[in-house]
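Written below as structure tokens is the structure these notes are about.
The values are calculated or read from the model by the stated rules, or taken from the named source; none is laboratory data. Being a predicted model, the structure only gives us computed values, none of them experimental. We place every Cβ from the backbone using ideal geometry, glycine too, and count neighbours over all the protein chains shown.
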Amino acid sequence: MEQKGTLYLVATPIGNLEDITLRALRVLNEVDLIAAEDTRQTVKLLNHYNIKKPLVSYHEHNKVSKGNYLIEQLLSGKNIALVSDAGTPGISDPGEDLVKLAIENNIAVTMVPGPVAAIMGLVLSGLPAGRFVFEGFLPMNKRARKERLEYLKNEVRTIILYEAPHKLLYTLNDLYDILGNRKVVLARELTKIYEEFLRCDLSEAIKHFEEQSPKGEYVVILEGINVNTIKEETVKQWEGKDIKEHMEIYLLQGMDKKEAMKKVAEDRGISRREVYNELLKIKNKG
Ligand code: SAM
């Protein structure tokens, strides 16, 4: 039986053509076929490094038919490199599906790692990089978008988003409306001549882009919510309420009576016994 080939996910530059590893160049030179998200873009890279290989396009709109074709080629023993438009294949571009198909077909999958715009933006943002969430592009459908933003509202980790320049202002406004004003970093044209960082808050960023339309590629890095803000908001919910109403907040959130009493006691800085006694008093009063 013929030996199967290997699928190599090869990271390519996100702007600066020098950001390619020696291993990436070797693998691109050695594989039988290169599957590319945007063949025109990849041709530029291959020409720059004098690499001549058959190219097959593999993108969002042909990934089903081309995916099956690429799997057939891999099963017949061909080695294939998958490259995306820029950066790491599989991060906000097709790649994920091909990896899944290859795994299902017991085909070896490996990677030649390299640049990811999200990681470069995060690391240079100056915002906490120890814990973060990558959200890619926000959904465009209004309802799905609102749901996603509501979900992100209480995210304590740094949030990373991708956005196209013509939608950036729209997205910043949505972030401001739902998540509230907070620190944001706009990392623009990373690794390119006009690499630039705008470090400010959402309201300032909105003002900036109202005066000067965004140009180029951007990563949006947003501060997570401050844990104290969440606590303050919970306090706002129960402030002025009696213990019974305070209990109801947690019971409505699905907690059982014991858990709710524990939370109420914590919030008010009193003992559980005191909560119990207070509840009893309210009950007896009728
Ligand atoms: N696979 C890529 C990666 O590894 O980063 C991301 C591809 S995604 C289709 C394209 C988005 O990535 C752009 O809209 C932008 O948000 C971000 N991006 C890519 N290159 C960038 C750069 N040089 N500077 C800033 N953002 C970039």
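One table, with the values for the structure above:
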read-out: Whichever residue in region 179-210 is away from the ligand (no atom under 16 Å from the Cβ) and polar (S, T, N, Q) and, among such residues, is nearest to LEU127 (Cα to Cα); value: ASN181
read-out: Restricting region 85-110 to residues that are polar (S, T, N, Q) and modelled with pLDDT of 95 or more, the residue that is farthest from the ligand (Cβ to nearest atom); value: ASN106
read-out: Test: residue in region 36-46 that is at negative phi, buried (at least 17 other Cβ atoms within 10 Å of the Cβ) and in a strand (DSSP E or B); value: yes
read-out: Exclusive hit being hydrophobic (A, V, I, L, M, F, W, C) and without any contact (Cβ under 8 Å) to a residue 40 or more places away in the chain, set VAL109, VAL56, VAL116; value: VAL56
read-out: Condition check for LYS52: of a type outside the set (A, V, I, L, M, F, W, C) and part of a loop (DSSP other than H, G, I, E, B); value: yes
read-out: Meets criteria (β-branched (Val, Ile, Thr) and in contact with a strand residue (DSSP E or B) (Cβ under 7 Å, 6 or more places away or on another chain)) for VAL264; value: no
read-out: Entirely in region 87-194, the strands (runs of 3 or more DSSP E) that have 1 or more residues that are within 13 Å of the chain's Cα centre (by Cα) and under 22 Å from ALA11 (Cβ atoms); value: 132-136, 158-163
read-out: Options LYS244, LYS236, LYS215; residue that is charged (D, E, K, R) and either assigned by TED's automatic domain parsing to the domain that holds GLU18 or at pLDDT 95 or above (or both); value: LYS215
read-out: Cross-chain or 6+ apart pairs with Cβ under 7 Å, region 160-175 first and free of Cβ contacts under 8 Å to residues at least 40 places away in the same chain, then not hydrophobic (A, V, I, L, M, F, W, C); value: ASP174/ARG145
read-out: Residues of region 57-77 satisfying the condition of being surrounded by 17 or more Cβ atoms within 10 Å (Cβ to Cβ) and out of contact with any helix residue (DSSP H, G or I) (no Cβ under 6 Å at 6 or more places or on another chain); value: LYS66, LEU70, GLN73, LEU74
read-out: Test result for LYS4, away from the ligand (no atom under 16 Å from the Cβ), over 29 Å from VAL219 (Cα atoms) and of a type in the set (D, E, K, R); value: yes
read-out: Sole exception among (1) within 13 Å of the ligand (Cβ to nearest atom); (2) assigned to a helix (DSSP H, G or I); (3) among the β-branched types (Val, Ile, Thr) for VAL64, by number; value: (1)
